[in-house]
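In what follows, a single structure is set out as structure tokens and then discussed.
The values are calculated or read from the model by the stated rules, or taken from the named source; none is laboratory data. This is a predicted model, so every value here is computed, not measured. Cβ: placed from backbone, ideal geometry, glycine included. Neighbour counts: every protein chain shown. For accessibility, only protein heavy atoms count, side chains too; no ligands or nucleic acids. Shrake-Rupley method; radii C 1.70, N 1.55, O 1.52, S 1.80 Å.
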Amino acid sequence: MKKNIVALSSHIAVLLAVILTVGIVGSIAAAKSGSEGANKFTGELEHGATLRILENDTAIKQGYLGELIAAFNQKYAEYGIKAVDANMDQYTDLENDGPFGYGPDVLYQANDRLMRYPDGKHILPLPVETLSCYEQVSEKAWQSYTNVVGGESYVFGVPVNAQGPLLYYRKDLLPENWETEWDDDKNGVPDMIEYWTDMYRYSKQVKTQNGGKKFGYMRSFLEPYFSVGYLYSYGGYTFGNNNTDPSDIGHSAGNAHLGAKVIRQLASVMDERCIDDSVTTGAYAAIASGEFFATVTTPDVYTMFIDEMVAAGMSREQAEENLVTVTMPKLPASGDLTDESQGFVDNKMMGGVQGYAISSYTKYPNAALAFVDFATSYEMVLRRNELLGIVPARGDVAEQVGGLSEIINGNLENGNIVVMPSIKENSQIWTPLQTLFQDLAKDAFRTSDIKYDTEDKIKAALKAVDKQIYDAIFTLKD
């Protein structure tokens, strides 16, 4: 009965939360283009411009950037304007490269990386109201690229897709008896897909039955992006005041230690690859071969799993039928993956909004804005979805493609996706969190030197992480 009620509530919440917001209201409507940047956007295209475009590696590998550039160049050929691959590392540092002319004209990155740049005036505030996507992007997505400079609110980036972790699993690897033995609430959905308690139990069974050669759930704890959400689920947070106050650091707040306990328990049903990056880089092939039943990652790599499954011998139709992506399972309110007695809570996860920004060092701001407008058009965002499986920030495209787009946008609106802080101080959180999460995972494989066997020890470790981050931001800076 307990799970029946929880599952029904979850489905209702998702339905209510799927708000494909059209129109920009509130603070975003009031955001200005910025006096210093606005005078660069005259509307007069710089004929003969060559734009260097920085995209992510997935877009390049899957051929999207090539298509985008070709289509843009064809449209603007009469002006002699062309775009080219910047041919730089996807995480290039504009702050250091831009002033010397090495940076790109247009950047595509996540909000936490792009929003390090406004304070140093490395990216331009944009006249977003002139773009075709303006009224199709939700207020929450625009907020991730909005910053206050000199007492005024400006928009520095154009959202393209919302990111948030999803559970990927192989439907054809479900146990044959799942409908009788793994569906307590009889809702037609396997329990291990809905509840971490059942995923833990099933993963423990798979590992034992296969002598540690096959696994149920596998995921590296190297990347805090995929783990910090366990702390959020029990009351933790990164920065105060909606992630805008870096003096208030709260990874140890509330009952966040329960989320840290979950990380330690989950690691026990894996092997030691969960401590390093090998499980992440090998996840595509491991899912394809059936070594892993499930993993968690972002929606934009969906096609990479499909490609590996096809390479392993499946037809593309079979691969797409057997690879299923769903929202994150619920966590036990107790923070103990063997205890369901206190009910369940939503698994909140860190997310982000990826989009375009324009370098302050570009010689061609109007041509660059034309590229951003073209790249965020209905047709190109739809094509990006088709090739990469991204979740469109444009409401009209998200409504068109449905499925995961509705789930991610719903989780963004209802707060189950917590968007990464859009302030430069966010860069200081990663190393301390990574060190702790790796150590928690390693604890599952320790024997005599166990470090986190009591809640007090875990609480102390979380408080130490918050202090490390605070010191890095305020005490140790130059």
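Take Asn161 and decide whether it is crowded, with 18+ Cβ neighbours inside 10 Å, in a strand (DSSP E or B), modelled with pLDDT under 90 and not acidic (Asp, Glu).
Values: crowded, with 18+ Cβ neighbours inside 10 Å: yes; in a strand (DSSP E or B): yes; modelled with pLDDT under 90: no; not acidic (Asp, Glu): yes.
For Asn161, the condition - crowded, with 18+ Cβ neighbours inside 10 Å, in a strand (DSSP E or B), modelled with pLDDT under 90 and not acidic (Asp, Glu) - is not met.
Filter the stretch 50-65 down to the residues that are part of a helix (DSSP H, G or I) and open to solvent by 50 Å² or more (accessible area, probe 1.4 Å) and list them by number.
Within the stretch 50-65, Asp57, Ile60, Lys61 meet the criteria.
List the number of the failed condition for Asp185; all other conditions in (1) at pLDDT 95 or above; (2) more than 22 Å from the chain's Cα centre (by Cα); (3) within 30 Å of Val262 (Cα to Cα) hold.
It is condition (1) that Asp185 fails.
Working only within the stretch 461-471, note down all residues that are touching a helix residue (DSSP H, G or I) at 6+ places or on another chain (Cβ under 8 Å) and either open to solvent by less than 30 Å² (accessible area, probe 1.4 Å) or at pLDDT below 95 (or both).
Correct list: Ala461, Leu462, Val465, Ile469.
Please verify whether the stretch 299-319 includes one or more residues that are surrounded by fewer than 23 Cβ atoms within 10 Å (Cβ to Cβ), among the hydroxyl-bearing types (Ser, Thr, Tyr) and touching a Ser or Thr at 6+ places or on another chain (Cβ under 7 Å).
Yes, the stretch 299-319 contains at least one residue that is surrounded by fewer than 23 Cβ atoms within 10 Å (Cβ to Cβ), among the hydroxyl-bearing types (Ser, Thr, Tyr) and touching a Ser or Thr at 6+ places or on another chain (Cβ under 7 Å).
Tell me, please, whether a residue that is without any contact (Cβ under 8 Å) to a residue 60 or more places away in the chain and closer than 25 Å to Thr50 by Cα can be found in the stretch 403-410.
no
Among residues belonging to the stretch 66-116 that are small (Gly, Ala, Ser) and in a helix (DSSP H, G or I), point out the one that is surrounded by the fewest Cβ atoms within 10 Å (Cβ to Cβ). Spell out the reasoning first.
Taking the stretch 66-116 and keeping what is small (Gly, Ala, Ser), we get 66, 70-71, 77, 80, 83, 86, 98, 101, 103, 110.
From what's left, in a helix (DSSP H, G or I): 66, 70-71, 77, 98.
Details: Gly66: 13, Ala70: 12, Ala71: 17, Ala77: 10, Gly98: 22.
So the residue we want is Ala77.
Say whether the condition of being β-branched (Val, Ile, Thr) and either closer than 24 Å to Ala286 by Cα or part of a helix (DSSP H, G or I) (or both) is met by at least one residue in the stretch 307-316. Give the steps one after another, and end with the answer.
At the first step, the residues of the stretch 307-316 found to be β-branched (Val, Ile, Thr) are 310.
With the extra rule that they be either closer than 24 Å to Ala286 by Cα or part of a helix (DSSP H, G or I) (or both), the set shrinks to 310.
The answer is yes; a qualifying residue exists.
Being open to solvent by 50 Å² or more (accessible area, probe 1.4 Å) and touching a residue at least 60 places away in the same chain (Cβ under 8 Å) is the filter; apply it to the stretch 320-339 and report the residue that is nearest to Phe292 (Cα to Cα). Walk me through how you get there before you give the answer.
Step one: list which residues in the stretch 320-339 are open to solvent by 50 Å² or more (accessible area, probe 1.4 Å), which gives 320-321, 338.
Subset that is touching a residue at least 60 places away in the same chain (Cβ under 8 Å): 321, 338.
Working: Glu321: 17, Thr338: 22 Å.
My answer is Glu321.
I need a count of the residues in the stretch 432-463 that are without any contact (Cβ under 8 Å) to a residue 12 or more places away in the chain and closer than 22 Å to Gly240 by Cα.
Looking only at that region, the number is 1.
Going through the stretch 182-215 one residue at a time, which ones are open to solvent by 40 Å² or more (accessible area, probe 1.4 Å), part of a helix (DSSP H, G or I) and under 23 Å from Met328 (Cβ atoms)? Even if it seems obvious, please write down each step before you answer.
Of all residues in the stretch 182-215, those open to solvent by 40 Å² or more (accessible area, probe 1.4 Å) come to 184, 186-189, 201, 204-205, 207-211, 213-214.
Applying the additional criterion that residues be part of a helix (DSSP H, G or I) yields 201, 204-205, 207-209.
Of everything in the stretch 182-215, those that are open to solvent by 40 Å² or more (accessible area, probe 1.4 Å), part of a helix (DSSP H, G or I) and under 23 Å from Met328 (Cβ atoms) turn out to be Arg201, Lys204, Gln205, Lys207.
What is the residue count in the stretch 234-281 for residues that are of a type in the set (Val, Ile, Thr), at pLDDT 95 or above and more than 19 Å from Arg446 (Cα to Cα)?
2
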